[in-house]
Number of protein chains: 2
Amino acid sequence: MATFTVLGAGMMGSALCVPLCDRGHQVRLVGTHLDGEIVAALQSGRAHPTLGLRLPAAVRPMAFERFGEALEGAEVVALGVSSAGAQWAGAQLGDRALGDRPLFMITKGLHFDGDRLLPMVEVVRAAMGAAGAGVQPAAITGPCIAGELARRVPSSVVLSGRDEGATERIAELLRTDYYRLWTSTDVVGHGACAALKNAYAMGIAFGAGLHKSRGGQPGSLAMHNYESAVFAQAVVETRRIVVALGGRAESVVGLSGVGDLDVTTNGGRTGRFGALLGEGLSVAQAVERMEGATLECLEILAEMRRATRVMRAAGQLGPGDLPLLEHLAEVALDGVEVAVPFERFSAC
Amino acid sequence: MATFTVLGAGMMGSALCVPLCDRGHQVRLVGTHLDGEIVAALQSGRAHPTLGLRLPAAVRPMAFERFGEALEGAEVVALGVSSAGAQWAGAQLGDRALGDRPLFMITKGLHFDGDRLLPMVEVVRAAMGAAGAGVQPAAITGPCIAGELARRVPSSVVLSGRDEGATERIAELLRTDYYRLWTSTDVVGHGACAALKNAYAMGIAFGAGLHKSRGGQPGSLAMHNYESAVFAQAVVETRRIVVALGGRAESVVGLSGVGDLDVTTNGGRTGRFGALLGEGLSVAQAVERMEGATLECLEILAEMRRATRVMRAAGQLGPGDLPLLEHLAEVALDGVEVAVPFERFSAC
């Protein structure tokens with residue numbers, strides 16, 4: 001049993017508290033400055049507003065002002081913020097003494113720093129400044145919808161970190177009979193898969209929207225052939241990007257790659273957003289219909305557009321390597337109409 | 001423009017006629033002895049009973065008695081039978097002179113001959129006897145629900161054959177703006193993916209049935225984490241089998257592997273069958289509820305059980321390589337209760 005401090009009380013940070021408590025750990029769940037309403041609800045014993053359930057009694061919700069206090073005596077630190085909050089969270093950690101306490105995150109994303117495309121663990125480390133030098137954060141990836149983890153649906157994920165022993169020790173503290181963790185040192189491969197799935201899941205869902213716009217009903221006869229061809233190309237392109245970044249191609253063929261892409265397509269908000277675009281709504285209309293839900297797909301497509309220009313110029317990617325990603329960026333960032341370029345795809 | 005003879009008037013053989021006619025080909029669609037009702041419906045101008053639509057006018061439906069006549073002057077021969085009919089179809093072809101006419105098939109499956117696990121092209125070739133010696137049949141794989149192809153939903157598939165030039169020539173005759181074909185020489189890799197997806201799609205669907213049996217509704221909160229972990233492991237194991245058979249690992253990461261697995265899970269009858277098992281029905285009860293639908297998953301699981309015993313003994317597979325497939329076989333063939341062994345899975 002250990003004491004965990006989790007920064008970020010959104011859906012995934014809060015869901016993580018459930019297996020932690022089931023393992024007997026004490027959890028200090030610290031909301032960011034955006035989580036005021038959530039912390040207030042939890043402190044008054046109400047359900048988590050977005051998860052829709054009460055967290056276990058061993059979770060102590062705390063406002064951000066008490067982050068320093070929450071770190072005192074905590075043995076493990078977890079970041080539960082979204083990718084947009086990663087740099088901020090890193091800076092907060094850098095200002096406080098972590099020492100050699102293990103750090104892991106559920107934050108997913110890729111950030112282009114003008115030169116290289118960095119996985120979130122590197123973004124956080126860099127934002128920590130001098131304090132980040134000795135830290136090797138680990139990151140959780142794989143198919144895990146927060147609301148399902150919080151309801152103890154069997155969930156299987158990967159914890160990757162460059163320090164193999166430290167990563168395995170964290171994983172061992174997290175495992176329950178419904179929350180299964182595997183470990184890997186391929187931080188870049190798993191991290192890239194986790195970020196890219198949001199962009200690609202948007203495109204896989206175009207077919208559902210197109211089908212609806214033509215008067216079709218959901219069912220076994222729809223536009224599944226279209227959707228699955230996009231799914232396959234998404235995996236093909238993800239592998240190309242992972243390899244170009246120096247990650248392992250193998251990491252795509254498993255939980256973080258095909259598994260997370262599958263869950264995001266079937267259960268995620270990105271899929272609902274993509275379906276609206278496929279139906280013919282403009283990006284602005286579709287964003288409005290999503291009622292403020294975080295849309296990581298727009299972020300990652302913008303980062304990837306900047307990064308792939310540099311990677312192509314450096315010969316790390318060929319000109320015809322990413323036809324689907326390019327079209328997705330055109331749709332999401334330039335307002336181009338959905339017209340998936342199947343003819344430029346590959347068999348594998 | 002060419003004249004095609006398609007043997008097998010089931011859903012996929014018949015759906016194939018639609019792009020063929022759109023390319024201006026003449027098509028002789030020959031029913032097997034099991035397709036009498038279909039041929040009668042088509043000959044009297046009615047809709048195809050299982051596809052639910054009329055075939056184009058350039059399709060000439062013919063009863064099996066006229067197969068010899070249907071082959072006269074035909075330039076390309078296609079097999080549209082199910083895997084159960086592959087040996088029979090091969091024998092029929094062997095009895096008639098094909099000469100050097102190109103032959104391709106939509107038949108999917110793997111057959112264990114007591115020694116080796118053979119893709120359908122080899123099964124057909126062997127069944128053709130002496131006439132098969134000079135033939136290199138090609139096979140279509142990838143995400144393609146027949147009813148959607150027949151309705152001209154954009155569909156992307158792979159045609160694989162050992163003779164690269166001949167395969168490309170067939171593909172060129174089949175391509176339309178909605179039916180896209182890529183070619184490959186990896187007959188074993190693509191063929192194994194196409195066969196195995198039926199077994200694995202059954203297991204991916206367990207989660208939906210479990211969720212239903214616990215009173216859950218379909219939606220974004222269900223057992224997607226469970227389903228996607230099974231999906232990921234399915235891809236991991238498929239790759240292991242493909243490599244053990246001498247196919248290319250890469251073929252799994254594309255249309256025939258992840259693409260076909262995705263479409264089968266979302267649109268196929270195998271998924272409905274797996275969901276019934278997940279709900280707690282016995283195999284017999286679930287088979288009854290499927291009302292006579294062909295369940296390739298039972299066939300392929302039986303073949304794979306026999307084959308993997310030999311492959312393990314020969315050192316081609318390790319003892320812990322296929323925990324999911326083993327469980328699926330136990331459920332489908334031995335009546336064991338669904339209890340997916342997540343703890344024996346891998347990250348990738």
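The values are calculated or read from the model by the stated rules, or taken from the named source; none is laboratory data. From a predicted model like this one, the values you see are computed outputs, not experimental measurements. With ideal geometry, Cβ positions are generated from the backbone for all residues, glycine too; neighbour counts draw on all protein chains shown. Surface accessibility is based on the protein's heavy atoms, side chains included, excluding ligands, DNA and RNA. Shrake-Rupley method; radii C 1.70, N 1.55, O 1.52, S 1.80 Å.
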- Message: Show me the strands (runs of 3 or more DSSP E) entirely contained within the stretch B:1-88 in which 1 or more residues are open to solvent by 30 Å² or more (accessible area, probe 1.4 Å), out of contact with any Asp or Glu (no Cβ under 9 Å at 6 or more places or on another chain) and farther than 28 Å from B:H111 by Cβ.
- Response: B:26-30, B:59-62
- Per the filter on the stretch A:321-348, residues under 21 Å from A:F112 (Cα atoms) and part of a loop (DSSP other than H, G, I, E, B) are A:D321, A:L322
- Message: Exactly one of these conditions fails for B:G215: (1) crowded, with 24+ Cβ neighbours inside 10 Å; (2) in a loop (DSSP other than H, G, I, E, B). Give me its number.
- Response: (1)
- Flag for A:L261 being within 30 Å of A:V153 (Cα to Cα), touching a residue at least 40 places away in the same chain (Cβ under 8 Å), of a type outside the set (S, T, N, Q) and out of contact with any Asp or Glu (no Cβ under 8 Å at 6 or more places or on another chain): yes
- For the stretch A:332-348, pairs from a residue that is without any contact (Cβ under 8 Å) to a residue 12 or more places away in the chain and more than 16 Å from A:G280 (Cβ to Cβ) to a residue that is outside any loop (DSSP other than H, G, I, E, B) and among the small types (G, A, S), with Cβ under 7 Å and 6 or more apart or across chains, are A:A347/B:S184
- Kindly indicate the residue of the stretch B:251-274 that is more than 13 Å from the chain's Cα centre (by Cα) and open to solvent by 20 Å² or more (accessible area, probe 1.4 Å) and also nearest to the other protein chains (Cβ to nearest Cβ) among those meeting that condition. B:N266
- Item | Restricting the stretch A:1-28 to residues that are in contact (Cβ under 8 Å) with a residue 40 or more places away in the chain and in contact with a Pro (Cβ under 8 Å, 6 or more places away or on another chain), the residue that is farthest from A:A84 (Cα to Cα) | A:D22
- Task: For the stretch B:193-212, name all the residues that are part of a helix (DSSP H, G or I) and hydrophobic (A, V, I, L, M, F, W, C).
- Result: B:C193, B:A194, B:A195, B:L196, B:A199, B:A201, B:M202, B:I204, B:F206, B:A208, B:L210
- Message: Name the single residue that is nearest to B:A232 (Cα to Cα) among those in the stretch A:218-239 being open to solvent by 10 Å² or more (accessible area, probe 1.4 Å), out of contact with any Asp or Glu (no Cβ under 8 Å at 6 or more places or on another chain) and not hydroxyl-bearing (S, T, Y).
- Response: A:R239
- Message: Just the residues that are open to solvent by less than 20 Å² (accessible area, probe 1.4 Å) and either of a type in the set (D, E) or in contact (Cβ under 8 Å) with a residue 24 or more places away in the chain (or both), please, taken from the stretch A:277-294.
- Response: A:L277, A:G278
- Flag for B:G203 being more than 7 Å from chain A (Cβ to nearest Cβ), modelled with pLDDT of 95 or more and crowded, with 24+ Cβ neighbours inside 10 Å: yes
- A:V124 of a type in the set (A, V, I, L, M, F, W, C), closer than 17 Å to B:F345 by Cβ and under 19 Å from the mean Cα position of the chain (by Cα): no
- Count, please, the residues in the stretch A:228-250 that happen to be closer than 18 Å to A:A339 by Cα and within 7 Å of chain B (Cβ to nearest Cβ). 4
